[in-house]
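Read the structure below first, then the notes.
The values are calculated or read from the model by the stated rules, or taken from the named source; none is laboratory data. Note that the coordinates shown come from a computational prediction; the quantities given were computed from them, not determined experimentally. Methodologically, a virtual Cβ is constructed for each residue, glycine included, from the backbone with ideal geometry; neighbour enumeration extends over all protein chains shown.
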Amino acid sequence: MSELVPKPVPVPSAVALPYWEGLQRGEFCVQRCAACGTLRHYPRLLCRECFSDAVDWQAISGEGHIHSYTVAHYAYHPGFAAELPYTLVTIELTVGLRALGRWLGAEVPQIGAPVRMVLVPGEPYPTLSFAPA
């Protein structure tokens, strides 16, 4: 009999902590450069446009369309082995950023199809996921 392995738990860095706290509140928060206004996701220390480290956080809708997808047949962590296969989608968000999340649709994802964000409850943080809009 195989032993269940717990899923990995994110350990937020100081730079990314507001992103994870936003998910706990039910919000998808991205960084906004306080110097030039450029949005960025995934969280990072410096703005790619002006190299400022001044940052604000902004909640976005999580709406967009499918840019690409992949089906995972190999568990890169033993905690995900019981869920194989699962589908990950890269989303082109309406704000011009991209995000990666689990696919919750019953059908095969279609490139260009509209999606909406869904936060799947989890501890200590929800999982960013996407479903058909």
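Looking at segment 114-132, is at least one residue of a type in the set (A, V, I, L, M) and over 14 Å from the mean Cα position of the chain (by Cα)? Taking every residue of segment 114-132 in turn, none turns out to be of a type in the set (A, V, I, L, M) and over 14 Å from the mean Cα position of the chain (by Cα). Among the residues of segment 33-86, those identified as within 20 Å of residue 100 (Cα to Cα) and polar (S, T, N, Q) are 38, 58, 61, 68, 70. Regarding segment 54-67, can at least one residue be identified that is more than 19 Å from residue 43 (Cα to Cα), out of contact with any helix residue (DSSP H, G or I) (no Cβ under 7 Å at 6 or more places or on another chain) and free of Cβ contacts under 8 Å to residues at least 24 places away in the same chain? Checked segment 54-67: no residue is more than 19 Å from residue 43 (Cα to Cα), out of contact with any helix residue (DSSP H, G or I) (no Cβ under 7 Å at 6 or more places or on another chain) and free of Cβ contacts under 8 Å to residues at least 24 places away in the same chain. So, in segment 1-60, of the ones that are more than 19 Å from residue 93 (Cβ to Cβ) and of a type in the set (Asp, Glu), which residue ends up surrounded by the fewest Cβ atoms within 10 Å (Cβ to Cβ)? Top of the filtered list is 3.
Taking residue 92 as the residue in question, decide whether it is under 15 Å from the mean Cα position of the chain (by Cα) and assigned by TED's automatic domain parsing to the domain that holds residue 125.
Yes: the conditions hold for residue 92.
Answer with yes or no whether residue 5 is farther than 17 Å from residue 133 by Cβ, aliphatic (A, V, I, L, M) and modelled with pLDDT under 95. Here the answer is yes, as residue 5 does meet what is asked.
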